[in-house]
Amino acid sequence: MAITGHLAEFSLAEIFQFLDQGHKTGLLTITPLPEPTDPRLPRSHYVWFQQGRVVAAAHRSDGRGLANLICQRGWLGDRAAGRLAQTCGPQHPLGLHLKTQGILDSEQIKLLFYVQVMRQVCALFAQADGWFHFDGQQTVPMAEMTGLNAPATDVTLAGLRALRDWQALEDKLPDPASALLALTPTKPNLKLNALEWQIWEYTQGDISLSAIAAQLNCTVRQLQQAAFRLIVVGLVEEMPLLPMTIPPSTPIEESPPAYPVELATTPAAAIANHSQVSHSFLQNLMGFLTKH
C-alpha cells in the first residue's frame, strides 16, 4: 500500500491517526516545502511504523542514523558503530544488539529512543507545508531500531503539546460553538495531561467549547488545541451543539391563561382586549359564532 498527499490537506496528526488505527507497517517520508537551501539541513524525514507503532526515525536514508546518534553521544567510535550495525543481523535491532554485547545499558537505550523518535518526530508537527508518502512495502531497517517503540497516539499527543505555532492547523481546530462527544464509554488509557482529563469530563455533547473554557478558567484557544488533540487520537468527535428539547415522555404543564379567567366565557371580549386584533377580524369572528 502506498499513499501520497500534501500536508496542507492532511496534517501529520491525522496521518498518524490513520496509521495507528489501521495498524500499518511501513515507511512514512516527510519532504518539507519549500526545500531547505542549506545543504546541511535534511531534505526529507523518515519515520518507520510497525503495526501502527513508531519504531524508528531518522533524517537520513542510508541506515546510519542511529549509529550516528550513538557516535554523537561518545558511546562508540564511528567505525566501531558501523561494524556493529552490520553484524546485528536482520532480526535484531541495533540497540538491543549493543545492549546484549554490554556496550549500552537500558537507560542509554531509552535516551536514544527519546532523541531519535520523540524529539525528531515531535519537531515534524510544526511543519506547515510539504509532501508525505507512506510505503507499506518498506521493511524496518534493524540498524535504525533501538528495540523500543511507542504508540502513534502517544507520539501525536507529545508532538502537539510541544507545538508553539498552530497556524498550519488553524482551519482544523474545532469551532468554539460546537460540543464534544466521547467515542468510548470507558475512561481512556492514554497518558493525558491535566487539561485533557478535565475536558474529558465535558464530552457528553451538551456544552460548547467556549463554555467549557469558561468553566476550566482557560482561554478558548487553549481549549480548542487540547480538544483537537483528543479528536485526532480518536477519543472524541466534534459535533454541533443542538438546542435543548423536551423529551416526548416528559409531561407538559398547562400554561396559565393569557387573560383573566372571568373573561374566558366571553371570547369576543377577550379577543378585543388584544391590541393586535383588527376590528374587521372581530366582526367576522362574531358573525361566525352567531351562525353556529
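The values are calculated or read from the model by the stated rules, or taken from the named source; none is laboratory data. In this text, all values refer to a predicted model and were calculated from it rather than measured experimentally. Positions of Cβ are backbone-derived with ideal geometry, glycine not excepted, and every protein chain shown enters the neighbour counts.
What the table shows:
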read-out: G65, sole failed condition from (1) under 19 Å from G102 (Cβ atoms); (2) surrounded by 14 or more Cβ atoms within 10 Å (Cβ to Cβ); value: (1)
read-out: Some residue of segment 176-186 being within 20 Å of L12 (Cα to Cα) and either over 18 Å from the mean Cα position of the chain (by Cα) or not assigned by TED's automatic domain parsing to the domain that holds L69 (or both); value: no
read-out: Residues (farther than 25 Å from T29 by Cβ, in a helix (DSSP H, G or I) and out of contact with any Cys (no Cβ under 8 Å at 6 or more places or on another chain)) located in segment 64-84; value: R79, A80, R83, L84
read-out: Qualifying residues in segment 183-224 (those that are crowded, with 19+ Cβ neighbours inside 10 Å and not hydroxyl-bearing (S, T, Y)) - the one farthest from A126 (Cα to Cα); value: I212
read-out: Where a residue in segment 15-30 is on the phi < 0 side of the Ramachandran plot and its partner, wherever it lies, is part of a loop (DSSP other than H, G, I, E, B) and polar (S, T, N, Q), with Cβ under 6 Å and at least six apart; value: T25/Q51; L27/Q138; T29/S44
read-out: Residues (buried (at least 19 other Cβ atoms within 10 Å of the Cβ) and either assigned to a strand (DSSP E or B) or hydroxyl-bearing (S, T, Y) (or both)) located in segment 156-182; value: T156, A179, L180
read-out: Top-ranked residue in segment 1-59 [being out of contact with any strand residue (DSSP E or B) (no Cβ under 9 Å at 6 or more places or on another chain) and of a type in the set (G, A, S); ranked as farthest from F125 (Cα to Cα)]; value: G22
read-out: Hits in segment 136-155 - residues which are of a type in the set (A, V, I, L, M) and in a loop (DSSP other than H, G, I, E, B); value: V140, M145, L148
read-out: Segment 183-213, residues that are out of contact with any helix residue (DSSP H, G or I) (no Cβ under 9 Å at 6 or more places or on another chain) and either part of a strand (DSSP E or B) or of a type in the set (K, R) (or both); value: Q204, G205, D206, S208
read-out: Elements of type strands (runs of 3 or more DSSP E) contained in segment 1-59, each with 1 or more residues being modelled with pLDDT of 95 or more, closer than 15 Å to M145 by Cα and aromatic (F, W, Y); value: 45-50
read-out: Residues within segment 4-56 that are among the hydroxyl-bearing types (S, T, Y) and surrounded by 20 or more Cβ atoms within 10 Å (Cβ to Cβ), tallied; value: 2
read-out: Answer residue from segment 85-135, given it is of a type in the set (D, E, K, R) and part of a helix (DSSP H, G or I) and is modelled with the lowest pLDDT among those; value: R119
read-out: Sole residue being more than 30 Å from A8 (Cβ to Cβ) and of a type outside the set (G, A, S), chosen from D78, D129; value: D78
read-out: Residue in segment 75-89 that is closer than 24 Å to P36 by Cβ, out of contact with any Phe, Trp or Tyr (no Cβ under 6 Å at 6 or more places or on another chain) and not acidic (D, E) present; value: no
read-out: Residue within segment 200-214 that is under 16 Å from T153 (Cβ atoms) and in the same structural domain as R229 (by TED's automatic domain parsing) present; value: yes
